[in-house]
Every structure is written in structure tokens, then in C-alpha cells.
Amino acid sequence: MERSCGFVTLFLLAVQTSVPYECTDKTCAELRDGGWSQGVETRLNDEGDCNIDIHNAESLSYTAFIQQYAYSKPVILRGVTDNTKFRFLCSKSHLLQEYGERTIRLSTANTHSYNKVDVRFEEFVKYLLTPQSVDSLGSETLYFFGDNNFTEWHSLFDEYDAPPYNLPHTSPAYSFGIAGPGTGVPFHWHGPGFSEVIYGRKRWFLYPPEQAPEFHPNHTTLSWVTHSYPGLGIQQRPLECTIHPGEVLYFPDRWWHATLNLDTSVFISTFLG
Ligand SMILES: *[C@@H]1O[C@H](CO)[C@@H](O)[C@H](O)[C@H]1NC(C)=O
Ligand SMILES: *[C@@H]1O[C@H](CO)[C@@H](O)[C@H](O)[C@H]1NC(C)=O
């Protein structure tokens, strides 16, 4: 079943580039979400505000990126990478077929990520990629992001077209992940980098280094959004935006950030260390 879906998707992608075609609802959804969507009822629909600058490749030169954003504030870049092939390789059927038997390492989704658990990729997709409820604790939620085995997964990561803007004196390192609707990493900070969603929508909340947000390190982002966010005064509001496939968010060094996956999301970060 998974295998034949993958084949159909490949066929449709090939057709799509040459002749226009009418796709049925099911095949359209498959192309759009890679087979990852778990049904409308599990999706969170509030994309929230967007108060972060958005640019495309034409409207932001590398020099302007360095001068206006690299060391001072987040920015969203639209259409700067072409990950059509990578997106196809990240469909659910393809990943299960290639990596189903491989072991992946999961972390608890709290600010300090205490626990690591190894599971087979297929087991993760079948049993652990579930929608998050608002009262589950981050410290009890297993999240697949980073700790990737680049030896086993190199044929996938080799196809990733990373954002074309680099920071001087840094080199890029990838972290790849897949997560269910309502999951996310609560506030934390580290070095600068980019985050791109391949499938699904991911909502971001960011604060500058000197404006540490109030949050409980073991509570999830969903719990923060539900209980704390509505009570924030104007001055306490974060920078925020929901990014979609084809968009890349840049976060500067030491900026606080939390993420919330609105759909089942496949995503990859490029850390500049
Ligand atoms: C990564 O995969 C290779 C090949 O299967 C294996 O030898 C190695 O131990 C793995 N590395 C980690 C950190 O699990
Ligand atoms: C968060 O969870 C970890 C692991 O369960 C625990 O050791 C730690 O004390 C908790 N921290 C707080 C502030 O509750």
C-alpha cells in the first residue's frame, strides 16, 4: 500500500511538469502533504499573526541579509531554495520504504531535552507520531528532531538544497525531524540558523536574547500558547509567524524561540556553528 502510493505520487509529479491534469481530491492531498496528514480533525487551524519581515530572493541581497538581519533579527525567506526533489523523497511512503527498519533517536520535548530513546523509524511513524493534547508534559513527549545518523540517511540529506545565505566563519549542520500536530519544542536558545518546513505548517515564537520569556521548562509550547500567550501584554508579545513549505525562517544567535507544529510536519534546520 505505502509502496504503491509512492509510485503514484512519482508518476503524478512527472505528469504535472509536462501536461496539466485534473487530480482527484485524494491525489491532490497526497501531493500537497506527502501522505503525512492525519485528517482535518487533528489539525490546529490558528496560524496566528505574522510580524516578522518576509522577503524573496529578489528582494533581499546577501549583503542586505547580513546588514539588516544576520546579527539583529529574524527574517523569513520565501522561494530561496528549490527542494522539489527533497520534498518528494520525504513523502511518508518513500521514507518508510527507505528507512523503515533504521533506528532513530528521539528526545523528550522539553527545554533541556533530558531523555533520549532509540526506536525503529517505522515504529515511530506508526505509534508515536500522534497529535499532542494540551495537557501532556513536554518531559513526557518524545520528539524526532536532530540526532540524525548522517551515515545511514546521507542519500536523503545530499538532496537538500540549503538556504543560500551563510554567515562568515560558520559551517552548516543539518537537523532533520518529523512531528505530529500540536507538538513543538518549548522556549530555548542556541546559535544562529535556518529552519525550513518540507511538509505541514510550523508556527514560530521568538524573543530577543535580553527578553527571556516566562515559561515552565517541562510544559509544551501548546500549553504555553493556550494558557500563557492570551494573557501577554503588548510589550510582552513575541515575534511570531507560521511558516509553510517553501519558506525558511532565519533565527539569529541566542534568540529565544519556541515552535508549534500545526500539522504533521517534516522539517529541517541548518545550524550555523
Ligand atoms: C550510524 O549508522 C551506522 C551504519 O548503520 C552505524 O554503524 C553507526 O553506529 C550509527 N551511528 C550512531 C551514532 O548510531
Ligand atoms: C522537568 O522534568 C525533568 C525530567 O522529568 C525533571 O528532572 C525536572 O526536575 C523537571 N523540572 C521542573 C522545573 O519541573
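Run through the stretch 29-113 and list the GluC sites (Glu not before Pro) located in a DSSP loop whose Cβ has at most 14 other Cβ atoms within 10 Å.
Details: sites: 30, 41, 47, 58, 98, 101; in loops: 47, 58, 101.
When the GluC sites (Glu not before Pro) of the stretch 29-113 are filtered for loop state and at most 14 Cβ neighbours within 10 Å, 47, 58, 101 remain.
What does DSSP give for the stretch 40-272 in terms of the percent of beta bridges that are antiparallel, rounded to the nearest 5? Numbers along the way, then the final one.
Values: 44 of 47 bridges.
Percent antiparallel among DSSP bridges in the stretch 40-272 is about 95.
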| query | Which whole-Hz couplings ³J(HN,Hα) result when phi for each residue of the stretch 237-253 is put into the Karplus expression 6.51 cos²θ - 1.76 cosθ + 1.60, θ = phi - 60°, listed in order with x for Gly and Pro? | reply | 5, x, 6, 8, 5, 9, 9, 10, x, x, 10, 10, 9, 9, 10, x, 3
| query | What nm distance separates the two modelled labels at residue 253 and residue 105, each placed 7 Å from Cα along Cα→Cβ? | reply | 2.6 nm
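Can you sort 43, 254 so the residue with the fewest Cβ neighbours within 10 Å comes first?
On the way: 43 17, 254 12.
Least crowded to most crowded, the residues run 254, 43.
Lysine pairs in the chain with Cα distance under 20 Å, only those 8 or more apart or on different chains: how many are there? Write down the numbers at each step before the final one.
Working: 26/92; 73/202; 92/126; 92/202; 116/126.
For the chain, the number of qualifying lysine pairs is 5.
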| query | Fewest first, what order do 169, 55, 154, 257 take by the number of other Cβ atoms within 10 Å? | reply | 169, 154, 55, 257
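Highest mean first, what order results for 176-186, 122-132, 103-113 on Cβ atoms within 10 Å?
Numbers: 176-186: 25.0, 122-132: 16.7, 103-113: 18.9.
Highest to lowest by the protection proxy: 176-186, 103-113, 122-132.
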| task | Take the alpha carbon atoms of the stretch 94-114, find their center, do the same for the stretch 225-273, and report the distance between the two centers in whole angstrom. | result | 21 Å
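How much of the pair distance distribution for the chain lies past 30 Å, counting alpha-carbon pairs only, in percent?
On the way: 10314 of 37128 pairs.
In whole percent, the share of Cα-Cα pairs in the chain beyond 30 Å is 28.
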| field | Separation in nanometres of the label points that stand 7 Å from Cα toward Cβ, at residue 66 and residue 161 | value | 2.4 nm
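For n ≥ 4 DSSP H runs only, could you compute -39500 (n - 2.57) per run for the chain, divide by its residues and tell me the 222 nm figure to the nearest 500?
Values: 6 runs with 48 residues, N = 273.
Computed ellipticity for the chain at 222 nm equals -4500 deg cm²/dmol.
A short reminder: the numbers here are calculations on the coordinates, not readings from a lab. It should be emphasised that the depicted structure is a prediction, and the values quoted were computed from it without experimental measurement. Cβ: placed from backbone, ideal geometry, glycine included. Neighbour counts: every protein chain shown.
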